[in-house]
Amino acid sequence: MPAKVDEFTAVAQKLRKETIRIPNLQPLYARWPQGLSPHYERLVDAINEHVEAAFPEDEAYVQRVKKMDFASFLCRYVNFYF
């Protein structure tokens, strides 16, 4: 086994017995824009159309991709950076 895997396993075993406290991170994000872009619904429709056109023979895959909600990710990213 590679050394990094052994190191990871050792650290994971040590931490399994510990209580880990995660501080409140909200103050770090207080100035970040909140919410989604107002274009979310239109983007969902556009992405779904493209996915359906790209994979017409695989409905199960299309449903999995739609469930990933790329529009939400894009709207949050674009809303933050633009």
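The values are calculated or read from the model by the stated rules, or taken from the named source; none is laboratory data. Predicted model, so just to flag it, every value in this text is computed and none were measured. Quick reminder, even Gly has a Cβ in these numbers, built from the backbone with ideal geometry, and neighbours come from all protein chains shown.
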Requested in this report: Being of a type in the set (A, V, I, L, M, F, W, C) and either surrounded by 10 or more Cβ atoms within 10 Å (Cβ to Cβ) or under 20 Å from the mean Cα position of the chain (by Cα) (or both) is the filter; apply it to the range 1-21 and report the residue that is nearest to residue 65 (Cα to Cα).
Outcome: 8
Report task. Take residue 26 and decide whether it is among the polar types (S, T, N, Q) and surrounded by 10 or more Cβ atoms within 10 Å (Cβ to Cβ). Result -> no
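For (1) hydrophobic (A, V, I, L, M, F, W, C); (2) at pLDDT below 95; (3) in a helix (DSSP H, G or I); (4) in contact with a helix residue (DSSP H, G or I) (Cβ under 8 Å, 6 or more places away or on another chain), each residue gets a yes or a no:
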residue: 6; (1), (2), (3), (4): no, yes, yes, no
residue: 11; (1), (2), (3), (4): yes, yes, yes, no
residue: 35; (1), (2), (3), (4): no, yes, no, yes
residue: 43; (1), (2), (3), (4): yes, yes, yes, yes
residue: 49; (1), (2), (3), (4): no, no, yes, no
residue: 52; (1), (2), (3), (4): no, no, yes, yes
residue: 73; (1), (2), (3), (4): yes, yes, yes, no
residue: 80; (1), (2), (3), (4): yes, yes, yes, no
Report task. Would you be able to tell me the number of residues in the range 25-82 that are under 19 Å from the mean Cα position of the chain (by Cα) and small (Gly, Ala, Ser)? Result -> 4
Query raised in the report: If we scan the range 30-46, do we find a residue that is at positive phi and surrounded by fewer than 11 Cβ atoms within 10 Å (Cβ to Cβ)?
Result: yes
